[in-house]
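Below is one structure, written out as structure tokens, with a few remarks after it.
The values are calculated or read from the model by the stated rules, or taken from the named source; none is laboratory data. No experiment lies behind these values; they were computed from the predicted model shown. Reconstructed Cβ throughout: ideal geometry from the backbone, glycine too, with neighbour counts over all protein chains shown. Quick note on the areas: whole protein, heavy atoms, side chains included, nothing else; ligands and nucleic acids left out. Shrake-Rupley method; radii C 1.70, N 1.55, O 1.52, S 1.80 Å.
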Number of protein chains: 8
Amino acid sequence: MKFVSIVMGSRSDYDIVSQCAETLKKFGVPYELIISSAHRSPERTKKYMKEAEAKGAQVFIAAAGMAAHLAGALAASTTKPVLGIPMESGPLRGEDALFSTVMMPAGMPVGTLAIGKAGAVNAAYLAIQIMALQDDELKIKLQEDRISKAKKVELDSSEIETIL
Amino acid sequence: MKFVSIVMGSRSDYDIVSQCAETLKKFGVPYELIISSAHRSPERTKKYMKEAEAKGAQVFIAAAGMAAHLAGALAASTTKPVLGIPMESGPLRGEDALFSTVMMPAGMPVGTLAIGKAGAVNAAYLAIQIMALQDDELKIKLQEDRISKAKKVELDSSEIETIL
Amino acid sequence: MKFVSIVMGSRSDYDIVSQCAETLKKFGVPYELIISSAHRSPERTKKYMKEAEAKGAQVFIAAAGMAAHLAGALAASTTKPVLGIPMESGPLRGEDALFSTVMMPAGMPVGTLAIGKAGAVNAAYLAIQIMALQDDELKIKLQEDRISKAKKVELDSSEIETIL
Amino acid sequence: MKFVSIVMGSRSDYDIVSQCAETLKKFGVPYELIISSAHRSPERTKKYMKEAEAKGAQVFIAAAGMAAHLAGALAASTTKPVLGIPMESGPLRGEDALFSTVMMPAGMPVGTLAIGKAGAVNAAYLAIQIMALQDDELKIKLQEDRISKAKKVELDSSEIETIL
Amino acid sequence: MKFVSIVMGSRSDYDIVSQCAETLKKFGVPYELIISSAHRSPERTKKYMKEAEAKGAQVFIAAAGMAAHLAGALAASTTKPVLGIPMESGPLRGEDALFSTVMMPAGMPVGTLAIGKAGAVNAAYLAIQIMALQDDELKIKLQEDRISKAKKVELDSSEIETIL
Amino acid sequence: MKFVSIVMGSRSDYDIVSQCAETLKKFGVPYELIISSAHRSPERTKKYMKEAEAKGAQVFIAAAGMAAHLAGALAASTTKPVLGIPMESGPLRGEDALFSTVMMPAGMPVGTLAIGKAGAVNAAYLAIQIMALQDDELKIKLQEDRISKAKKVELDSSEIETIL
Amino acid sequence: MKFVSIVMGSRSDYDIVSQCAETLKKFGVPYELIISSAHRSPERTKKYMKEAEAKGAQVFIAAAGMAAHLAGALAASTTKPVLGIPMESGPLRGEDALFSTVMMPAGMPVGTLAIGKAGAVNAAYLAIQIMALQDDELKIKLQEDRISKAKKVELDSSEIETIL
Amino acid sequence: MKFVSIVMGSRSDYDIVSQCAETLKKFGVPYELIISSAHRSPERTKKYMKEAEAKGAQVFIAAAGMAAHLAGALAASTTKPVLGIPMESGPLRGEDALFSTVMMPAGMPVGTLAIGKAGAVNAAYLAIQIMALQDDELKIKLQEDRISKAKKVELDSSEIETIL
């Protein structure tokens, strides 16, 4: 089965990361979600990566804060696409996690999304877009989502707009 | 034909962006490369997007500096994966381009790579990883590249290392 | 009719942006206010721009947060003056929105105001100043406003000041 | 005569600011250009402001670096639109000048452009857009400029583009 | 009479700035305290400066936030020492005010203290140190204050310290 | 007796720094903990350093916020290893303390840990790692701690994980 | 004799700091200038401070880069006014030195000037302003300097200005 | 044999990192130095760590730039002290490497030194200080180094100082 694998570095990331999972669910994309740390459980992380890849993981999503090495560690363990969500945790509010996730050296890409909640949702969207390259049904869902998003803007506007 | 489409915002980005194209070429991945601006030629950008998508573009890569809106503009025009290279140009050395590229709102992802040269190379790598999900030959090339990178580290080390 | 057009990127910007509208109202300057997104509803944005311009919009004001492309998108669609309000939303507190709004390439200006509330009020003031170039009554109101602001300072001071 | 007034804080700003003047000249917009400092010659600045306004200045453009108070000082002396160019000078490369120019308090707007060269050119463009509200010929020139900019993109692209 | 003059840019700065006044009071240093703005009441600011200087002001302290021009405006109006307190107000939490206060051009110094509360107290201390150059009683008070501060550290420590 | 010495600059740092002490206690490493300031009680700081070193202090840990000079002051007074905890206090949220602690000149190292709570815990861990070079029992405790941390990750994950 | 004392942390600061000395010389203010480090020669620094204060030092100026503790160390050793010049040295271009110099705790002020050259000149100016409180001749020189600075602006302007 | 192990992430780091090795050599501390990458050669890094630890490595020093994960990866593989040198490479000049190295989660410390050259030298110094806890000869060398550094300051000063 083709699926998306979400790895978060810490229990405290769950509230935000669950929105990534919710987005995948909304589009009917199967996913796995675990906690594993680049530093505290490197063996577990590596073992999980191998198993997930063998089972059919197409895209890996990593969420971590501060010196956020998790996405980079995943990227070093697979040649599947790895996406990174820099968490907003800690005193630097995610600027550290953003730099730690995005500034990867040549040959080891992490496709990085926005810090925090928007990034969690968008990691799911980008994973879905990647899956949709092989799945026309998914592609149609993405196009419908765009239309509904545009309609939502109109609806939101209608509640407050002033037109002369 | 399945290919990668590279759009850069300005002629001055070419020296860096050409390294993205070189990387795709090295892996035998077909690509298109054009200059088109989110601001100066929005119609052209949009028209190109449609044509490229119709012809088989699988992944779009956008390179822009300063208030780098190009990747976001592409993301708004397609449901294909869009990757962003924040250019180092201008007095803020790419921190502005990084923020403008990565901090996208929920539903409009841009998979962002490092500022500058490493990002240009990695946008190609991530695109290749995405293409490789449907192309086993490419997958093998990526795995071989990893091995050769690891060997390069050993070789580099051997020239300077001190072992007791 | 000559008027000011305010476009905000999201419903959540309304509390702050309404202060922009309030300021225009205080000076008797007609305005339109809608929600439209550079990314989620680019067609709507563009269509609105054309209609507003045809109806007499003199100045466009765009308010958006994070990777704030809205002002730039408006600037690319009109040769009327475009003013930008970088919103304080998101983990980077508006520094991302400021860079995304102000660092526009040559030929595509966005007159950018302060992040957040002060910027929302000042976008209105700058629009009024531009309208006042053709409206002597408005010019007098602006001059009176200055006098009343100076008096307000004196009044505020009188409540707490210590003079030897 | 209606004209644009450019004030720069220091002789060393001239190389960059001259590009603002060049842009105005290209569009046939009359301008004045002087050096005057918010701190070193506050009287001169104020006196000049009054005279320029009396002579027909429609828009003021201020260019200054570091703790860039010049645009704010002009804004406090007139109710005409004031635009600010944060210069790239000094060890902080213009981030200080950007904050000092853009973060104005409510009621005292400075329409701020990008740091450095792009900002110098864009201050001229924004001033021209404001002038064009009363000048149809100028409006047409602005629209033609857009077309020529879009063509320039195509031309630039044709030199390097790769199309499959 | 020799005294210290405190000028704050806005009523909202009073809570913090009052700690500057309290510190002066504790050392028996006379002071004036008013609200006046560099932008909203430039004439009042200038007039006050002249009167205060004529009455015996030895040191001026300016407190302002965001694009904090007040200290620089005072510095341009007097050759007496001017000290600056960058306020923490606004989305950038005082980094803007710090840059706007401290990065003054050669010949127009503002002796800048820390952002916020510590800066408010320290502006008073630095003013007292300057006054103490001509006042031996004040000098002794400063030395006693140092001793009492050192004792306070010991006392604080004794409540929690662990010594083997 | 060999022990770790913790010095904090201010009573307000205690809540965070106590977590450093707790960590040492958990590993059975003796420690001293006092308040002493680089600026308010430099003599006390120096005197304490000498006594602590004579009594057997192996590692010094300094916690301070804002212009955090304490760790550097300790480093200048001893050739024992000095570790620094940049506190999150003040408007700049510890970025000032981080720079003030870590950017030491050649020859005067401060081994700097993360801003705030994670740094407080990690200063203890690094001190324990240093002590463990001479203490095999401690080394075993550190290895057991790693195992328990890895298990904790598994346990945390088991509560929320989704595996296909 | 009343004089100003300049202490710099490193030989490499001399080129910039010499401009501080030149400014004092231009105004006929006597000064001492030495190299002494907060970290490498704390005893020498302290001993020098005492001697300088005994000989008549009125104001201390400290110049240091990176984790710039020198000004704070001087401030802790004297109740005379201490001014700080954050040097531009190192990869962070003086932002670290600025934070390390200006963010002092309550009761230990450092009057901080701009990073680099402008700061070096302004530390001299602020010291002269402080000395001028007791020296009418110096006060007149400062006022004449202001006039000559204003004239210099006019002269500079006359070379390039465009007046309609 | 007890020794220090230096690992750098890339050949391009060698010029700076060699100064770390030079410092160890000056103090007669044996060291190993290799290139190995957290991402490109994770197996090699891990294998080397084990061998080095078995052979007697007491302290590990990691040097890496941009999203600098190397020090954290070492820290996750050993309970020996790990020190980090954030390299100045890339457009963000080492601010990314600093955050990626220092902001480690609780339980996984990296003792971080300054960005660039000063950090490379200081990683050696801190390693020597750690080794000196078990080596009195080394302790004496460190104390002599302090004395010679203090003398060097005096010598440097004597060449330029001005004493009244």
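Before moving on, here are some points about what is shown:
- A residue that is part of a helix (DSSP H, G or I), loosely packed, with under 15 Cβ neighbours inside 10 Å and free of Cβ contacts under 8 Å to residues at least 60 places away in the same chain cannot be found anywhere in the stretch H:109-124.
- Failed item, numbered, when A:Met104 is tested on (1) closer than 24 Å to F:Arg146 by Cβ; (2) open to solvent by less than 10 Å² (accessible area, probe 1.4 Å); (3) in a loop (DSSP other than H, G, I, E, B): (1)
- Here C:Ala63 clears all of (1) surrounded by fewer than 24 Cβ atoms within 10 Å (Cβ to Cβ); (2) closer than 23 Å to D:Ala124 by Cα; (3) among the small types (Gly, Ala, Ser) except the condition numbered (1).
- Residue match in the stretch H:28-35 (condition: open to solvent by less than 20 Å² (accessible area, probe 1.4 Å) and within 20 Å of H:Asp135 (Cα to Cα)): yes
- Residues that are over 22 Å from E:Lys46 (Cβ atoms) and open to solvent by less than 10 Å² (accessible area, probe 1.4 Å) do occur in the stretch D:51-58.
- As a summary of the residue check, G:Met104 satisfies the conditions (1) in contact with a helix residue (DSSP H, G or I) (Cβ under 7 Å, 6 or more places away or on another chain); (2) closer than 30 Å to D:Lys2 by Cα except for the one numbered (2).
- In the stretch B:78-89, residue most open to solvent (accessible area, probe 1.4 Å) [restricted to those that are at pLDDT 95 or above and either more than 10 Å from chain A (Cβ to nearest Cβ) or in contact with a Cys (Cβ under 9 Å, 6 or more places away or on another chain) (or both)]: B:Glu88
- Of the residues making up the stretch G:92-101, those that are more than 8 Å from chain E (Cβ to nearest Cβ) and open to solvent by less than 10 Å² (accessible area, probe 1.4 Å) are G:Gly94, G:Asp96, G:Ala97, G:Phe99, G:Ser100, G:Thr101.
- Residue check: C:Ala64 meets all listed conditions (1) farther than 23 Å from D:Met103 by Cβ; (2) away from chain D (no Cβ under 11 Å); (3) aliphatic (A, V, I, L, M) but one, namely (1).
- Residue in the stretch H:39-47 that is open to solvent by less than 20 Å² (accessible area, probe 1.4 Å) and either at the interface with another protein chain (Cβ under 7 Å from one of its Cβ atoms) or among the basic types (Lys, Arg) (or both) present: yes
- Check on C:Ile128, open to solvent by less than 80 Å² (accessible area, probe 1.4 Å), more than 7 Å from every other protein chain (Cβ to nearest Cβ) and among the β-branched types (Val, Ile, Thr): yes
- The set of residues in the stretch B:142-164 being over 14 Å from H:Arg44 (Cα atoms) and open to solvent by less than 70 Å² (accessible area, probe 1.4 Å) consists of B:Leu142, B:Asp145, B:Ile160, B:Thr162.
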